[in-house]
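Shown next, in structure tokens, is the structure this report addresses.
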Amino acid sequence: MDTKKTKALLLALERGSLTAAAEELGYTQSGLTHMMNSLEDELGIRLLVRSKGGVKLSPAGEILLPRLRELTACAGELEREIEVLREQKKISLRLDPPAWRQLGIIVSQRRKNDKSIKLLIKCAQSKICPRQTG
């Protein structure tokens, strides 16, 4: 199930109309109608009741609404986590032991603002040394 469709559905419900939601999302009204029809066809049930006054949930839509909200929220969280992972950079440095402590202090200070920073110090024999942050 495409969560873009569920996000559009939730927005249409908030705005009370497909036209208002389409305008906000940058779609045409007919394009958003097609998207909602596609979602309903995919699920095999009608989610919306359409009228000249706007849209509202069908009885089945009312039952599924909490799960559709959860799905959309989880998809948003997943997208944010993926973006964080994409932005992370891995850097390898070869340092003598006296520099480890200073590097650890610098990284600890930076992590106060950016929790995605990690430091793993390895000894020459590829053993993990006792001092780690992150």
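Please treat every number below as a calculation from the coordinates, not as lab data. Quantities reported herein were computed from a predicted structural model and do not represent experimental measurements. Methodologically, a virtual Cβ is constructed for each residue, glycine included, from the backbone with ideal geometry; neighbour enumeration extends over all protein chains shown.
Return the FRET efficiency for the residue pair L71, D114: r is the Cβ-Cβ distance, R0 is 22 Å, and the value is rounded to the nearest 0.05. Can you show the working numbers first?
Values: r = 29 Å, r/R0 = 1.34.
So, using R0 = 22 Å, E works out to roughly 0.15.
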Whichever aspartates and glutamates have a C-alpha closer than 20 Å to that of K4, once near sequence neighbours (fewer than 8 apart) are set aside:
E14, E23, E24, E40, D41, E42, E62, E70, E77, E79, E81, E83
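Could you list, in their original order, any pairs among K5/K112; K7/K115; K56/K115 whose Cα atoms are separated by more than 32 Å? Walk me through the numbers on the way to the answer.
Values: K5/K112 37 Å; K7/K115 29 Å; K56/K115 42 Å.
Flagged as over cut-off: K5/K112; K56/K115.
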Interchain or long-range residues, amide H under 5 Å from L48's placed H
S58
Set of region 27-46 residues, backbone N closer than 15 Å to the point 7 Å along the Cα-Cβ line of E79
27
